[in-house]
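Visitor: This is the structure I have questions about; it appears just below.
The values are calculated or read from the model by the stated rules, or taken from the named source; none is laboratory data. Computed from a predicted structure; not experimentally measured. Methodologically, a virtual Cβ is constructed for each residue, glycine included, from the backbone with ideal geometry; neighbour enumeration extends over all protein chains shown.
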Amino acid sequence: MAKFNKKKKDMPAVNTASLPDIVFMLLFFFMVTTVMRSSDLKIETPVLPEATQVKKLENKSLVSYIYVGKSKTGRKGDQIQLNDKLVTSVKDVQNYILQKRASVHQSDINKLTTSIKADVGTEVGTIFDIKQELREINALKINYSTKRKSNKQ
Amino acid sequence: MSRRQIPEINAGSMADIAFLLLIFFLVTTTMDVDAGISRKLPEKPNPLEKPPIIKEKNILVLTLDKSGTILMEGDTYIDLKDVKPAAIKFLDNGGGKNAEKEDCTYCKGEKDPTSSDHPDKAVISLESARNTNYGAYIRVQDELVSAYNFLLDRSANELYGMSYADLKEKSEDDQLSDRKKESYKEKYKKVKGMYPMIISEAEPTKF
């Protein structure tokens, strides 16, 4: 009779009660690490230059981004984008940085960094104009955004 | 009334909902790390103050033109790969004394009196035409930074037997005791001060 009993025994179902917990854990991880891009790019996505000696930018909330690249609509020359607007004059950079300054705590003002994300095909002159504007308002910390290239040692 | 049981909420679909959210975040996540070459711009010149006079031998002039050719000191054309050795040779020369009248004891260069006096004084000036390609510009910048890093690394290795990057990491490591961290900070500062990075990004000139 023992034989019959054995046959009746079912495989125990895998307990899936902890599945939601696992999934939630993953979910929270991705929620925390996700950075939603705050602005749409109005210019063609810049192809960043490559460099080996790069430094990571820390404290992203203290970074203001300036995008420089070609226009999507075929307008001539290098276009500058701040937040989600294309600007016509490089002078607007000043206002952009001053606005950013007003939004952060006093003690963080000298930690503010400007990251220049410029396309490889940009003219250095455009970058230079931006740098002049930044100097004008004493926003001296800048970072030329680049891709990391593996060391060629 | 009190005996009536509250029906349990069926949590079977919880996993489905969580999965849906998970997939949404998975798709929207971009894990790009912002990195790049950091620079500090010079302050706006004060019109009342005269700019400091720098001896010509303490400046290494690199000129970058539209086609990406590099001209050194206005007379020799060099390749991109020769920028780093040239910069190291110039910075590490130590042919004279710094502002405090000290010799450069850690320099291993040729001590050529016609080249830079001291790393404290050595300035690299990168001039470029307005229509220079940004990619070429960054490549040269990268080579210059790597020249500085090479020298800093060498000094850190000689003095403390560890790389410059390790030293920097240790000086910011919160797991170390305060005293240890302070001592690493001191060392990091000392090495960093040996070769101060002075790169002048001169106004682009029309060619």
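Visitor: Considering only residues that are touching a helix residue (DSSP H, G or I) at 6+ places or on another chain (Cβ under 6 Å) and closer than 13 Å to residue A:65 by Cα, which ones fall in segment A:115-138?
Guide: A:118, A:130
Visitor: Also: Look through A:34, A:45 and report the one residue that is free of Cβ contacts under 8 Å to residues at least 40 places away in the same chain, among the hydroxyl-bearing types (Ser, Thr, Tyr) and touching a Phe, Trp or Tyr at 6+ places or on another chain (Cβ under 8 Å).
Guide: Answer to the check: A:34.
Visitor: Only residues that are closer than 13 Å to residue A:90 by Cα, of a type in the set (A, V, I, L, M) and touching a Leu at 6+ places or on another chain (Cβ under 8 Å): list them for segment A:103-136, please.
Guide: A:134
Visitor: Looking at the structure I just gave you, is residue B:122 within 14 Å of chain A (Cβ to nearest Cβ), within 25 Å of the chain's Cα centre (by Cα) and modelled with pLDDT of 80 or more? Talk me through it step by step, then tell me what you get.
Guide: Values: within 14 Å of chain A (Cβ to nearest Cβ): no; within 25 Å of the chain's Cα centre (by Cα): yes; modelled with pLDDT of 80 or more: yes.
No; evaluated as a whole, the condition is false for this residue.
Visitor: May I pose another question? Name every residue in segment A:58-75 that is within 12 Å of chain B (Cβ to nearest Cβ), surrounded by 11 or more Cβ atoms within 10 Å (Cβ to Cβ) and modelled with pLDDT under 80, in order of residue number.
Guide: Matches in segment A:58-75: A:60 only.
Visitor: Moving on. Considering each of A:81, A:94 in turn, give the residue that is assigned to a strand (DSSP E or B) and in contact (Cβ under 8 Å) with a residue 12 or more places away in the chain.
Guide: A:81
Visitor: Let me ask something else. Which of (1) more than 7 Å from chain A (Cβ to nearest Cβ); (2) free of Cβ contacts under 8 Å to residues at least 24 places away in the same chain; (3) within 25 Å of residue A:50 (Cα to Cα); (4) of a type outside the set (Lys, Arg) is the odd one out, the single condition residue B:35 does not satisfy?
Guide: The number of the failed condition is (1).
Visitor: A further question on this structure: Hey, residue A:130 hits all of (1) more than 7 Å from every other protein chain (Cβ to nearest Cβ); (2) of a type in the set (A, V, I, L, M, F, W, C); (3) free of Cβ contacts under 8 Å to residues at least 24 places away in the same chain but one; which does it fall short on?
Guide: All conditions pass for residue A:130, except number (3).
Visitor: Right, something else. Of everything in segment B:1-34 that's closer than 13 Å to residue A:31 by Cβ and modelled with pLDDT under 80, which residue is surrounded by the most Cβ atoms within 10 Å (Cβ to Cβ)?
Guide: Taking the candidates together, the pick is B:29.
Visitor: Where in segment B:1-96 are there strands (runs of 3 or more DSSP E), lying wholly inside it, with at least 3 residues that are of a type outside the set (Ser, Thr, Tyr)? So that I can check it myself, show each step before the final result.
Guide: Numbers: elements: B:35-40, B:59-64, B:70-72, B:76-78.
The strands (runs of 3 or more DSSP E) meeting that bar are B:35-40, B:59-64, B:70-72.
Visitor: Would you pick out the residues in segment A:76-87 that are at pLDDT below 80 and over 20 Å from the mean Cα position of the chain (by Cα)? So that I can check it myself, show each step before the final result.
Guide: Narrowing segment A:76-87 to residues at pLDDT below 80: A:76-77, A:83-85.
Hits for segment A:76-87 are A:76, A:77.
Visitor: Quick one: which of B:35, B:87, B:15 is among the small types (Gly, Ala, Ser) and over 22 Å from the mean Cα position of the chain (by Cα)?
Guide: On inspection, the qualifying residue turns out to be B:15.
Visitor: Also, I was wondering about something else. Of the residues that sit in segment A:78-87 and are of a type outside the set (A, V, I, L, M, F, W, C) and in contact with a strand residue (DSSP E or B) (Cβ under 8 Å, 6 or more places away or on another chain), which one is nearest to residue A:116 (Cα to Cα)?
Guide: Out of the qualifying residues, it is A:81.
Visitor: Among the residues of segment B:83-109, what is the count of those that are over 14 Å from residue B:195 (Cα atoms) and surrounded by 15 or more Cβ atoms within 10 Å (Cβ to Cβ)?
Guide: 5
Visitor: Ok, one more. So the check is Cβ under 8 Å with 6+ separation or different chains; which pairs have a first residue in segment B:165-190 that's surrounded by fewer than 11 Cβ atoms within 10 Å (Cβ to Cβ) and a second one that's assigned to a helix (DSSP H, G or I)?
Guide: From residues that are surrounded by fewer than 11 Cβ atoms within 10 Å (Cβ to Cβ), the pairs are B:174/B:181.
Visitor: Just give me the residues in segment A:105-125 being surrounded by fewer than 20 Cβ atoms within 10 Å (Cβ to Cβ), within 13 Å of another protein chain (Cβ to nearest Cβ) and in a helix (DSSP H, G or I), in sequence order.
Guide: A:110, A:111, A:125
Visitor: Continuing with this model, one more query. Would you check if residue A:129 is charged (D, E, K, R) and touching a Gly at 6+ places or on another chain (Cβ under 8 Å)? Step through it out loud before you land on a result.
Guide: On the way: charged (D, E, K, R): yes; touching a Gly at 6+ places or on another chain (Cβ under 8 Å): no.
Here the answer is no, as residue A:129 does not meet what is asked.
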